[in-house]
Amino acid sequence: MKFKLLTGKRALGSAYSKDYTEWAESLLYENVESENVAILASMGCERDPDSEAVEIYFQKSLKDLGLVVLDEKEGLKIYAKALCEQIISGDLEPEKGVSILESFYSKSDYE
């Protein structure tokens, strides 16, 4: 999982522990060396990882990598774009993608 996609899911409130651990695992495949990233990735092996511990190691990983979570508005824009690209490419069923996009309404300032 890409960092921008993860921060978009986070902004929407739909990021789960699995998303964070998959992100960390993808970094290990890219040969990123960080003890906190490795710990976060290893939490994906647990049946039900503690969400507080996942958040702690996510924040530590961000610090190690010099990353900053995007603000909510920017995160949502990037996530919406990624969802649309997945729908168009056929990687995401249109019904499921639209269902996710519907949840953006509650996060928007649109009346």
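The values are calculated or read from the model by the stated rules, or taken from the named source; none is laboratory data. Computed from a predicted structure; not experimentally measured. So basically every Cβ, Gly included, is an ideal-geometry build from the backbone, and we count neighbours across all protein chains shown. Surface accessibility is based on the protein's heavy atoms, side chains included, excluding ligands, DNA and RNA. Shrake-Rupley method; radii C 1.70, N 1.55, O 1.52, S 1.80 Å.
Would you please give the FRET efficiency between K4 and R47, computed as 1/(1 + (r/R0)^6) with r the Cβ-Cβ distance and R0 = 35 Å, to the nearest 0.05?
FRET efficiency, K4 to R47: 0.75.
Ignoring ligands, DNA and RNA, what percent of the 1.4 Å accessible area of the chain is carbon and sulfur?
On the way: 3780 of 7470 Å².
Taking all protein chains in place, the chain shows 51 percent carbon and sulfur surface.
Once the whole set of protein chains is in place, how much accessible area is left on M1, using a 1.4 Å probe, in Å² to the nearest 10?
Accessible surface of M1 is approximately 60 Å².
Along the positive direction of the dipole of the stretch 9-109 (beta-carbon charges: Lys, Arg +1; Asp, Glu -1; about the Cα centre), which of G66, Q86, P49 reaches farthest?
With unit charges placed on the Cβ atoms, the residue in question is Q86.
Ignoring ligands, DNA and RNA, how do F58, F3 rank by accessible area with a 1.4 Å probe, largest first?
Numbers: F58 0, F3 40 Å².
Largest accessible area first, the list is F3, F58.
Which of the peptides 35-41, 25-31 is most tightly packed, and how do the rest follow, going by the mean number of other Cβ atoms within 10 Å of each residue? All intermediate terms of the calculation are to be shown ahead of the outcome.
Values: 35-41: 19.6, 25-31: 13.0.
Per-residue mean Cβ counts within 10 Å order the peptides as 35-41, 25-31.
How long is the gain from K77 to S14 if the chain were fully straight, where each residue apart is worth 0.36 nm and the alpha carbon distance is subtracted? Provide the component values of the computation, followed by the final result.
On the way: separation 63, 0.36 × 63 = 22.68 nm, distance 1.45 nm.
Difference between extended and current length: 21.2 nm.
Ranked by accessible surface with a 1.4 Å probe, highest first, in what order do K107, K18, K63, K9 come?
Working: K107 75, K18 130, K63 170, K9 35 Å².
Sorted by accessible area, descending: K63, K18, K107, K9.
I'd like to check one number: the per residue accessible area of the stretch 19-70, probe 1.4 Å, reported in Å² as a whole number.
Values: 3310 Å² over 52 residues.
Here the per-residue accessible area is 64 Å².
Quick one: compute the contact order of the chain, relative version, from alpha carbon pairs under 8 angstrom and 6+ residues apart, as a percent. All intermediate terms of the calculation are to be shown ahead of the outcome.
Values: 101 pairs, mean separation 35.3, N = 111.
The value is 32 percent.
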